1. Taking only the stretch 90-113 into account, find how many residues are of a type in the set (Val, Ile, Thr) and surrounded by fewer than 19 Cβ atoms within 10 Å (Cβ to Cβ).
2. What are the residues in the stretch 9-25 that are at pLDDT 60 or above and not aliphatic (A, V, I, L, M), if any?
3. For the stretch 98-121, does any single residue satisfy the condition of being small (Gly, Ala, Ser), assigned to a loop (DSSP other than H, G, I, E, B) and touching a residue at least 12 places away in the same chain (Cβ under 8 Å)?
4. Taking the condition of being modelled with pLDDT of 90 or more and under 27 Å from Val183 (Cβ atoms), how many residues in the stretch 116-149 meet it?
5. Which one is farthest from Val127 (Cα to Cα) among residues in the stretch 75-89 that are surrounded by 21 or more Cβ atoms within 10 Å (Cβ to Cβ) and over 16 Å from the mean Cα position of the chain (by Cα)?
6. Among the candidates Leu40, Leu57, which residue alone is among the hydrophobic types (A, V, I, L, M, F, W, C), under 13 Å from the mean Cα position of the chain (by Cα) and either surrounded by 20 or more Cβ atoms within 10 Å (Cβ to Cβ) or closer than 24 Å to Ala97 by Cβ (or both)?
Amino acid sequence: MKMLGIEKVFVNTMGKGRANAARVKEALEICPVEPGIRVLEIGCGIGVVSAFLAEELGLDVTGTDFDPAQVMLAQRRQTEGERLRFEQADATALGYADGAFDLVVSQYVFHHIPEWRKAMAELGRVVKPGGLVVWDDIAVTRLGKALAGPFKGFITPFTHDDIEQAIFGEGFAPQAHSFSPGVLLQFHKMTLRKRVH
């Protein structure tokens, strides 16, 4: 589902983009990566994180968003080049080969995806064995899920347990995980590595 206009006002700010880039930088300090690796960002918005990864870390980055308007904003605000490109893509049906990416980044996107389990399977498919995922999002508590009915067109209500089950089912091992507990919502920050079979 696309974001509401009011959400875009918040997420399309440079401040929000810089905060997200700082979080990815922090995750990659815990799990360092080599320059030149292939990166996919799911839900790139205005492209701040993708541009940071390409320009500051020298990574080969494809930033994607479901919303074509967001992709156009990213293309206008960032400089595409040899190491940075932006494309429209559906997280539930990514048009990339199995194991195409060494790193996948997704920040506060999955709660907008009604078929989020399908998107998690796609994420697991396109990251190579041994590759990393930086995944941050909002989960609901059990109470939050019980009360989420009227908001289902706005947020996809999954719990911490739902997410862990999906993540482990796709063969990921947590490298770092923190969350802010709450009565209705929890904010999760995870760094995951895909197991090598």
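The values are calculated or read from the model by the stated rules, or taken from the named source; none is laboratory data. Keep in mind that what you see is a predicted model, and the values were worked out from it rather than measured. As a convention, Cβ positions derive from the backbone with ideal geometry for all residues, glycine included, and neighbour counts pool all protein chains shown.
1. 1
2. Listed by number, the residues that qualify are Asn12, Thr13, Gly15, Lys16, Gly17, Arg18, Asn20, Arg23, Lys25.
3. The first filter runs over the stretch 98-121 and keeps only residues small (Gly, Ala, Ser), leaving 99-100, 106, 119, 121.
Still in the list and also assigned to a loop (DSSP other than H, G, I, E, B): 99-100.
So of that shortlist, the ones also touching a residue at least 12 places away in the same chain (Cβ under 8 Å) come out as 99-100.
Yes, the conditions are met somewhere in the stretch 98-121.
4. 8
5. Taking the stretch 75-89 as the starting set, the residues that turn out to be surrounded by 21 or more Cβ atoms within 10 Å (Cβ to Cβ) are 78, 84, 86, 89.
After this cut, where a residue has to be over 16 Å from the mean Cα position of the chain (by Cα) as well, the list is 78, 84.
Details: Gln78: 25, Leu84: 18 Å.
Checking each candidate, the answer is Gln78.
6. After ruling out the rest, the residue left standing is Leu40.
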